[in-house]
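Note sheet for the following structure.
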Amino acid sequence: SSADTAIGGPLERLATYRATSQGHNKNANFLTELKKHGNSMDKFKFIYQGSSASFLKTGVGFFTLFATSAPIQKSINNAFGLQPGDKIPLSASALTALSTGFAVALTSSPLDITKTLAQAPRSEHTGNPTSVVINNIKTMGLKAVTTGLPAKILMTVLGWGLVNIVTQQTKKVPEHNTYQYK
């Protein structure tokens, strides 16, 4: 979460600056805006605007991934009738990744929206990310936690799906209640 926020945060901010920070200003330029912020601390704040929500979003996403991946995989392996030692078919592996990616996108979406709102110019959505999420729900209703959710789910599902298929640690169903360390 820390590395993603420290390294990825500024890159994401740079990549999405026009959409998240300038609205309809088609001439918005991140580096031009950065130069307008005089001292180093103001530049730092500008670059990391929304970083606490980004940090929490990543943390929630990782927690969801680690908390749900084993039960989801076990459930899907059972649904496919797989036994310990059986080769995991690509379809079961993909379904596991898709289900896990869906869970990650669903749980991290409210904080992603909070991060985006915090990056808007003259944003009123500042402060503790949790209180911002709660306030957003009070003022915007369900839209505060579901805006863009289909696209986020698709993006996360595809990302986790590809990662899972490429890097699956085991190609065989593990023994029940055992862990093997190498």
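The values are calculated or read from the model by the stated rules, or taken from the named source; none is laboratory data. Everything numeric here is computed off the predicted structure, so don't read it as measured data. All Cβ positions, even for glycine, are placed from backbone atoms using ideal geometry, and neighbour counts span all protein chains on display. These accessible areas exclude ligands, DNA and RNA; they are computed on the full protein's heavy atoms, side chains included. Shrake-Rupley method; radii C 1.70, N 1.55, O 1.52, S 1.80 Å.
A few comments on the model shown:
- Per the listing 4, 42, the residue uniquely at pLDDT below 85, in a helix (DSSP H, G or I) and charged (D, E, K, R) is 4.
Yes/no matrix, rows are residues, columns are (1) surrounded by 14 or more Cβ atoms within 10 Å (Cβ to Cβ); (2) under 26 Å from residue 98 (Cα atoms); (3) of a type in the set (Ser, Thr, Tyr):
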| site | (1), (2), (3) |
| --- | --- |
| 17 | yes, no, yes |
| 28 | yes, no, no |
| 35 | no, no, no |
| 40 | no, no, yes |
| 46 | yes, no, no |
| 61 | yes, yes, no |
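- Within the stretch 102-116, the set of residues being out of contact with any Pro (no Cβ under 7 Å at 6 or more places or on another chain) and touching a residue at least 60 places away in the same chain (Cβ under 8 Å) comprises 115, 116.
- Residues of the stretch 56-97 satisfying the condition of being in contact (Cβ under 8 Å) with a residue 60 or more places away in the chain, of a type in the set (A, V, I, L, M) and under 30 Å from residue 119 (Cβ atoms): 56, 65, 97
- Some residue of the stretch 90-97 being under 15 Å from the mean Cα position of the chain (by Cα), surrounded by 13 or more Cβ atoms within 10 Å (Cβ to Cβ) and not in a strand (DSSP E or B): yes
- When residue 74 is tested against (1) modelled with pLDDT of 85 or more; (2) among the charged types (D, E, K, R); (3) under 17 Å from the mean Cα position of the chain (by Cα), just one condition goes unmet, and that condition is (3).
- Test for residue 53: is it outside any helix (DSSP H, G or I), open to solvent by less than 40 Å² (accessible area, probe 1.4 Å) and either within 16 Å of residue 119 (Cβ to Cβ) or among the basic types (Lys, Arg) (or both): no
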